[in-house]
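Peer 1: To start, I am sharing the structure in question, which I have written as structure tokens.
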């Protein structure tokens, strides 16, 4: 019905909503985990069948085609080839469909689509907070950490951090899209949610992003110099992290009792590194990381770890080998080099994302509520249809000329 009425943005926003629900661990949202697979196929079918209504280009997918080719080749060695093929296909479909729909939505509706995207995310976080009065187990878990309607607190943290970046990016492009009061309550809601969920990764990434935007606004060289300073200081901070946290009086928030072993991450990383040695150059396809971790779950549990690898770089290395990882990072950095020519906030977003994926696995998968937000931000930064807003040639309430956009 939405398709027949030409409500393409509502279809895309529905996809984001389903992805958010699919992150929830309750059996009551199992339908979303199943439906999201069909949903991405429907998006692609609509984009193909309504080809004349969508832009002919897809600048983002082109960069990642070599990586997807390597991922397909790696499937030849996969112990779960059917699942791996599905995950590989879904990654390609997401990179194809989401930019197409977002560009089309801007053409039809103007920048209001960015505002609605942010409002949806913030509204669901607020809704998640009030759900505690219905059932505290829904909104809070892991010894009282806030998770809203997400599967775990760290998921909420990553979502809030990406929403934080998207909100500040929207202010760069659409100056009058939010009033100062609206912008203030949105940012406060996101910051409070990151603190309540206790996600150390999200808080540090957001602080890093906010500080770096200030440096990059002054000068890209100063921004890069600041990033190098952070990189060189990382080793010193890591070795003295516990003492620093205690000195700042933040030992309760940073859950100091888990800093020593990285909440079990170091165990998973060491195990993943050992497995990588057997498939160093070319991995064993998407979903291999999940298969190998599940196969050795009892051993890892005895060592003090439960769950996945918790590191996007290692997951991609496991699944596609060093060749795939290098090609993936090359595509990612190339995209942001292009984006940096359009907006000075591009590299701060890249550094923030590269920091979060060091500790979380979200970018190694496609059908989650995090990767889609990241793809939306990249689309805003690299596609020409958004650039007149950044240059001030169009206001926050104007719709682009469709004929010029779709040529």
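Taken together, the values in this text are just the output of simple stated rules run on the coordinates, not laboratory data. Every value quoted in this text rests on a predicted model; they were computed, and no experiment measured them.
Peer 1: Using all C-alpha to C-alpha distances in the range 1-149, build P(r) with 10 Å bins and read off the rounded percent in each one.
Peer 2: Cα pair-distance distribution for the range 1-149, in percent: 10, 30, 32, 22, 6, 0.
Peer 1: Still on this model: For the range 162-202 and the range 325-381, what is the separation of their Cα centres, given in Å?
Peer 2: Taking the Cα centre of each part, the range 162-202 and the range 325-381 sit 18 Å apart.
Peer 1: With the Cα gyration tensor of the range 157-229 in hand, give its eigenvalues times 5 under a square root as the equivalent ellipsoid semi-axes, listed largest first in whole angstrom.
Peer 2: Calculated on Cα positions only, the semi-axes equal 21, 18, 8 Å.
Peer 1: Let me ask something additional. On full extension of the chain, what length is gained from residue 395 through residue 195, given 0.36 nm per residue of separation minus the C-alpha to C-alpha distance?
Peer 2: The residue 395-residue 195 span can extend by a further 68.6 nm.
Peer 1: Contour minus end-to-end for residue 133 and residue 280, with contour as 0.36 nm per residue of separation and end-to-end as the Cα-Cα distance?
Peer 2: This chain segment gains 47.9 nm when fully extended.
Peer 1: Based on alpha-carbon atoms only, what is the radius of gyration of the range 89-233 relative to the globular estimate 2.2 N^0.38 Å?
Peer 2: Compactness ratio reported: 1.18.
Peer 1: Same structure, new question: Sum -39500 (n - 2.57) across every DSSP H segment of at least 4 residues in the chain, then divide by the residue count to get the 222 nm mean residue ellipticity, nearest 500. List each step's numbers first, then the result.
Peer 2: Values: 19 runs with 281 residues, N = 407.
Per the formula, -22500 deg cm²/dmol.
Peer 1: Now for a separate question. Volume per residue, Å³, of the convex hull around the alpha-carbon atoms of the chain?
Peer 2: 153 Å³
Peer 1: Could you give the length gained by full extension between residue 44 and residue 273, i.e. 0.36 nm per residue of separation minus their alpha carbon distance, to one decimal place?
Peer 2: 78.8 nm
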